Amino acid sequence: MKKNGRLIHQATLNHRYPFCPRSDTPLIYKALSTWFVAVEKIKDKLLKTNEKTRWTPEYLQFGRFGKWLEGARDWNISRNRYWGTPIPIYRADDGSIEVIGSIAELEKLTGAKITNLHRQYIDDLTFTKNGKTYRRIPEVFDCWFESGSMPYAQNHYPFENQKVFDANFPADFIAEGLDQTRGWFYTLMILSTALFDKPAFKNVIVNGILLAADGAKMSKRLKNYPDPLEVVHRHGADAIRLYMLHSPAVRAEDLCFNEAGVELVLRQILIPLWSSYSFFITYARLYNFKPRRREVKLPENTLDAWILSCLQKLISDVEEGMNAYDLSSAVEPFVGFIDQLTNWYIRRSRRRFWSEEESVDRTEAFETLYQVLLNLTKIAAPFVPFISEAIYQNLRSEEMQESVHLSLFPEYHGGLRDEELERGMAAIQKAVSLGHSLRKEHKLKVRQPLKSAHIACSDGDAVRFMQAQKHLIMDELNVKDVHFSQNEERFVSLRAKPNFRVLGKKIGKKMPEAQAAITAFTQHQLNQLLSQGSYSLKLQDEEVILTLEDVAVDRVVKEGLLAQNEGGITLALDKVIDEELILEGLSRELVNKINTMRREQKFEVSDRIKIDIETTDLVKQAYDRYKDYIINEVLAKEVNFASN
């Protein structure tokens, strides 16, 4: 055409062409005659059946899945393959159809003994009925039809196990990936609705899809993922389990699998958990501790009472999450509790366990930590089964179950729960966190003592609790004193802005006027809003009651102060360091260096040591001033200084 001058236009069109994901060979599409299930006839029933289920995450029920049901079309259930379950439809030459419902029925019609239902054994069987010869159609079932038949096929229902089926249908819960909203979840729903007019499951947990680290689909051919067994050998199965359980994958979101994340879980969660157990067992063996009671009693020590209260909260939260089939809500409290146990309770209680003299306080500390660890293994067992079992085996007594996985989930004891104590300790931890952040920001080492800290908080209950537990803040922040005040104005200024999403619905077009008024609020007006929980604002001759939901109040630290604020708590540090504080700081540095050497040289925790030191006159002066403290901390029986 081009040669003869008849070509009007020449161009190249690029388009995507389908290739087999396994062999990378081109795929060919062509029209075929197929068999369908008339889904559209039962669509209304499907929607009603879906209402009887509970989904995690819940938005999928009437979102992705519900919308798919609303637009459901007739389902193509036949495939033109050799391998597969033969469709039991027999057809005569005139188009007449017979559907066979059992092996016995087929044997009766064909007169043949049937021992295998694969194509090569039954395709040649025919039967005559009403003068017509019937042959099986050549198609096999779509494998999703078989998957949807699972609740019945697994029990060979309806031919046997009627009582077993009736007792277990619908299933309590099922779990699969997000892609199954158009696969298994869908076929289960279609068949159960068509057969029984009810769902095949009561609850469904939907997980996201596991992708390669770069977000691509995992491929056996491309090998774009680490070998699972090698990851298990490097980090342990528990680390992999918890990495995925404590990820967006349990909320039906995709997870780009990264081995570094598994290592992080091991380092930040599982190793601290094991370290907590190791700490307990080391000193329990050293002092020959034996648990004297199994019943849980309210202890005298505030830290013991707090950690037992947190344990009860953990039991309640995990049980609530599991009852709701919400793995994220069940795992998150467990992970958070390990942090509280290791980084607060044990760290703040170490000296009680180190005490060489037997006392009620030391025994109470051992009893508390024993009960916490024992119950924690039972709570954690479904999530991290191997480390839980290892710890449990070294904590169990003869009368307990042989395995943690045979033990009952711990019971919630309301008498041990103290929510006011939990709130108070949370306030202390927030204040301590602010102090550590300030030290880091201004390069003030934690081992360097400071003269004082100042805490301002408008919550009177929080202030009173912090005052009662002042020693915790002093020890944690390494300050000589802590001053408290309910007057925040010395450290922070209050600033307000409207919560547009909430307030906009309440006042509509008056929003610009309200915004101008709110941002101009005085400190007195904001204090009134915070203390009373509401404030009356006049807009266009109309009174509007503002609440704390309508207005966001921020606390801004005043310039020139060594202070930080979070929520309702402001903390300031006195950074003036005199000679006495410098010497004490050096003594703490010395203790730290010596104990580090003890660990590196693998001394036992009870070993007494002899120390030779070559150092400066200033460090020698610090040692002389704080000799008793240093010797006690490093378990030294002799300290000698070499001459320079």
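The values are calculated or read from the model by the stated rules, or taken from the named source; none is laboratory data. Note that the coordinates shown come from a computational prediction; the quantities given were computed from them, not determined experimentally. Here the Cβ is made from the backbone with ideal geometry for all residues, glycine too, and neighbour counts use every protein chain on show. Note: areas computed on protein heavy atoms with side chains; ligands, DNA, RNA excluded. Shrake-Rupley method; radii C 1.70, N 1.55, O 1.52, S 1.80 Å.
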Is it true that some residue in the stretch 4-19 is of a type outside the set (Val, Ile, Thr), in contact with a Ser or Thr (Cβ under 7 Å, 6 or more places away or on another chain) and either open to solvent by less than 80 Å² (accessible area, probe 1.4 Å) or part of a loop (DSSP other than H, G, I, E, B) (or both)?
no
Give all pairs with beta carbons closer than 8 Å in which a residue from the stretch 1-19 that is touching a residue at least 60 places away in the same chain (Cβ under 8 Å) meets a residue that is loosely packed, with under 10 Cβ neighbours inside 10 Å and part of a loop (DSSP other than H, G, I, E, B); count only pairs at least 6 apart in sequence or on separate chains.
none
Determine whether the stretch 428-442 contains at least one residue that is in a loop (DSSP other than H, G, I, E, B) and more than 23 Å from the chain's Cα centre (by Cα).
yes
Given the criterion open to solvent by 50 Å² or more (accessible area, probe 1.4 Å) and touching a residue at least 60 places away in the same chain (Cβ under 8 Å), identify the matching residue among Tyr287, Tyr277.
Tyr287
Only residues that are within 13 Å of Val553 (Cα to Cα) and buried (at least 17 other Cβ atoms within 10 Å of the Cβ): list them for the stretch 483-498, please.
Val492, Leu494, Ala496, Pro498
Would you mind stating whether Leu229 is surrounded by 15 or more Cβ atoms within 10 Å (Cβ to Cβ), of a type outside the set (D, E, K, R) and either more than 18 Å from Gln371 (Cβ to Cβ) or in contact with a strand residue (DSSP E or B) (Cβ under 9 Å, 6 or more places away or on another chain) (or both)?
no
Pairs returned, first residue in the stretch 366-392 that is under 26 Å from Thr302 (Cα atoms), second residue that is small (Gly, Ala, Ser), beta-carbon separation under 6 angstrom, 6 or more apart or interchain, are Thr377/Ser388; Lys378/Ser407; Ala380/Ser388
Condition met for Ser349 (open to solvent by 10 Å² or more (accessible area, probe 1.4 Å) and either in contact with a His (Cβ under 8 Å, 6 or more places away or on another chain) or more than 19 Å from Met244 (Cα to Cα) (or both)):
no
Considering only the stretch 69-187, give the strands (runs of 3 or more DSSP E) lying wholly within it that have at least 3 residues that are more than 28 Å from Ala31 (Cβ to Cβ) and open to solvent by less than 40 Å² (accessible area, probe 1.4 Å).
171-177
All but one of (1) out of contact with any helix residue (DSSP H, G or I) (no Cβ under 8 Å at 6 or more places or on another chain); (2) without any contact (Cβ under 8 Å) to a residue 60 or more places away in the chain hold for Tyr157; state the number of the condition that does not hold.
(1)
Please determine, by comparing only the residues of the stretch 552-567 that are surrounded by fewer than 18 Cβ atoms within 10 Å (Cβ to Cβ) and of a type outside the set (A, V, I, L, M), which one is modelled with the highest pLDDT.
Glu566
If we keep only residues of the stretch 246-266 that are open to solvent by less than 30 Å² (accessible area, probe 1.4 Å) and over 10 Å from Gly208 (Cα atoms), then the residue nearest to the chain's Cα centre (by Cα) is Val265
Being within 30 Å of Arg490 (Cα to Cα) and among the small types (Gly, Ala, Ser), is that true of even one residue in the stretch 588-609?
no
Only one residue in Lys202, Lys217 is open to solvent by 10 Å² or more (accessible area, probe 1.4 Å), farther than 17 Å from Tyr157 by Cβ and touching a residue at least 40 places away in the same chain (Cβ under 8 Å), so which one is that?
Lys202
Within the stretch 293-327, restricting attention to residues that are in contact with a Leu (Cβ under 8 Å, 6 or more places away or on another chain) and hydroxyl-bearing (Ser, Thr, Tyr), which residue is nearest to Leu242 (Cα to Cα)?
Ser309
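Identify the residue in the stretch 38-49 that is farther than 17 Å from Asp172 by Cβ and touching a helix residue (DSSP H, G or I) at 6+ places or on another chain (Cβ under 8 Å) and, among all such residues, is most open to solvent (accessible area, probe 1.4 Å).
Of the stretch 38-49, the ones farther than 17 Å from Asp172 by Cβ are 38-48.
Narrowing further to those that are touching a helix residue (DSSP H, G or I) at 6+ places or on another chain (Cβ under 8 Å): 39, 42-43, 45-47.
Values: Val39: 0, Ile42: 33, Lys43: 39, Lys45: 104, Leu46: 0, Leu47: 55 Å².
Of everything passing the filter in the stretch 38-49, Lys45 is most open to solvent (accessible area, probe 1.4 Å).
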